Amino acid sequence: MGSKHTNELTYDAQQCSPGSSSQAFGVVNVLCFLVFWLCIINAWAVVLSACFQARALTAQTAETDAIRFLVGTQSLKFDNQIHIIDFDDENNMINKSVLLHDAGEIWHISGSPADKAVLTTCYSKTSESRVLTCAAVWRMPPEWESGNHESPDDSSNNPQTLELLCHLDNTAHGSVACVLWEPMGDGKRLISLAENHVLLWDLQESSTKAKISSTATLEGKGQLKFTTGKWSPHHNSTQLATANDTAIRGWDLRSMSQIYCIENAHGQLVRDLDFNIYIKIYDRGSAEPRGEVLTEVWSVRYNHSHDQLLLTGSSDSRVILSNMVSISSEPFGHLVDDDDLSDNEESQQEDKGKEPLQDSIIATYEEHEDSVYAVEWSVADPWLFASLSYDGRLVINRVPRALKYRILL
């Protein structure tokens, strides 16, 4: 049975919403960050409540030393922001900084795998009396890249603006669902999913220009639309997985053609997917459901260092950490070299190895009070993860220590 982790002291972020749209942006930031940012640190979690709604979260992919997450806000009244969250795990200290994103509400955010100062956002804007979700590549100010930026209070009073590097112009293809960086790439190739189109981009001239190198189109009956996708880390990054409605499809990026399709992969709309970087799960050409979930799951993430650890965030405001050993790289547990075992230990190891370990829920985290739209593992610390709910609450949690040592030892 999984354990339940809760915090009694929390703060409702909606209470700090500005009362008048005529208030100056600087005043709003002073109130939000000096008064209404709340940090609760206990044995299990760090909880932060912001003043704006949000659903976009990413770990800063190219930052492997500091524990850093980026959050994109969704405000209709005020300029939106990117919150830079630095977490000092040893001292339980948090540094929060703010950058302006005045292009629009942020629906998706992703960091470059090669340059920690570069990121992409998908944001909504009004064009010809209709709302269109666009995408762009941005650069943080130089002081954020070097880590010598101002204190959090200064950054909220005098927030700087992101530098626009280039737009991923999708005028002819419709709204963008997400932008994906090439895994472990040099930060020069991107994929955007716009309506029923897959667009492969090459970034040129220090990412200030973006050129479409190839495209693919999902064809069929009805108004087909991609909901999400993931660039596969396998096959030399030549494959892409996409979701539309209840189907999951695979694409060969060399020929830009569909190579597999799992119809009715789930009974409901597929909102997110992720790859296990150690196993090629879809090589068999089919997928089996792994248990029934009675709520909408918005986000799912494999741990990239210990692939039996799986995170999900859902509309019931819960984050669930599962131990999915049956589809991990070590379904029979940690393997020990026979030369290091005595006869008695070898016999015990054989007994343990007869049956695979059982999948289980490790812990259920209930610090959120609204739908959890995003969960992400830290790049710098594989035992730490963040979750984001629509009310702007960010929660940083750790894998239980007992499980951590059981995996390591």
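Structural remarks
- Intensity falloff of region 164-253 expressed as log10 I(q)/I(0), Debye formula with alpha-carbon point scatterers, at q = 0.14, 0.17, 0.18, 0.25 Å⁻¹: -0.47, -0.70, -0.78, -1.37
- Here the Karplus curve 6.51 cos²θ - 1.76 cosθ + 1.60, taken at θ = phi - 60°, turns the phi angles of region 104-112 into couplings of x, 5, 8, 9, 8, 9, 8, x, 5 Hz, with x standing for Gly and Pro.
- Where labels lie 7 Å past Cα in the beta-carbon direction, separation of residue 305 and residue 188 in nm: 3.1
- Among 192-199, 96-103, 128-135, the peptide with the highest mean count of other Cβ atoms within 10 Å heads the list, and the full ranking is 192-199, 96-103, 128-135.
A short reminder: the numbers here are calculations on the coordinates, not readings from a lab. All of these numbers come straight from a predicted model, not from anything done at the bench. With ideal geometry, Cβ positions are generated from the backbone for all residues, glycine too; neighbour counts draw on all protein chains shown.
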